[in-house]
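This is the structure, below, for whatever I ask next.
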Amino acid sequence: MLESLAYVLILGVIAAAWLASFLLDKLFGVGFHPLLSTVIGSVVGIVILLVKPTLGVVAMIAAAVVAIVSSIVQDKIL
């Protein structure tokens, strides 16, 4: 039961980061490497889940925000 919940939370974090990166790239053309920002956002969200598993929604939001910030930074640098 708890293992299934952990998988759902991890997949939710990855999906939130991917969706944010995908939308920025497709709608606004921001983000030179959308996959890289997805990985960065996912790692931040998964670390939050490892530190405090009860913060599932916060981890998903943080993953999306970090992916967006990462896309913007990549667009400015690269």
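The values are calculated or read from the model by the stated rules, or taken from the named source; none is laboratory data. Please read all numbers here as calculations on a predicted model, not as lab measurements. Note: ideal-geometry Cβ built from the backbone for every residue, glycine included; neighbour counts use all protein chains shown. Side chains included, ligands, DNA and RNA excluded: accessible areas come from the protein's heavy atoms. Shrake-Rupley method; radii C 1.70, N 1.55, O 1.52, S 1.80 Å.
List the pairs whose first member sits in segment 19-32 and is closer than 11 Å to ALA64 by Cα and of a type in the set (Ser, Thr, Tyr), whose second member is open to solvent by less than 90 Å² (accessible area, probe 1.4 Å) and not in a loop (DSSP other than H, G, I, E, B), and whose Cβ atoms are under 8 Å apart, counting only residues at least 6 apart or on separate chains?
Going by the 8 Å Cβ cut-off, the qualifying pairs are SER21/PRO34; SER21/SER37; SER21/THR38; SER21/GLY41; SER21/ALA67; SER21/ILE68; SER21/SER70; SER21/SER71.
Next question, about the same structure. Only one residue in VAL30, VAL57 is within 27 Å of LEU5 (Cβ to Cβ) and among the β-branched types (Val, Ile, Thr), so which one is that?
VAL57
Here's another thing I want to ask about it. When you scan segment 32-78, how many residues do you find that are of a type in the set (Lys, Arg) and under 22 Å from VAL8 (Cα atoms)?
1
Next up: Quick one: which of VAL47, VAL8, VAL13, VAL57 is open to solvent by 30 Å² or more (accessible area, probe 1.4 Å) and at pLDDT 95 or above?
One residue alone meets the criteria, VAL47.
Just to be sure, is LEU78 of a type in the set (A, V, I, L, M, F, W, C), modelled with pLDDT under 95, open to solvent by 60 Å² or more (accessible area, probe 1.4 Å) and over 11 Å from the mean Cα position of the chain (by Cα)?
yes
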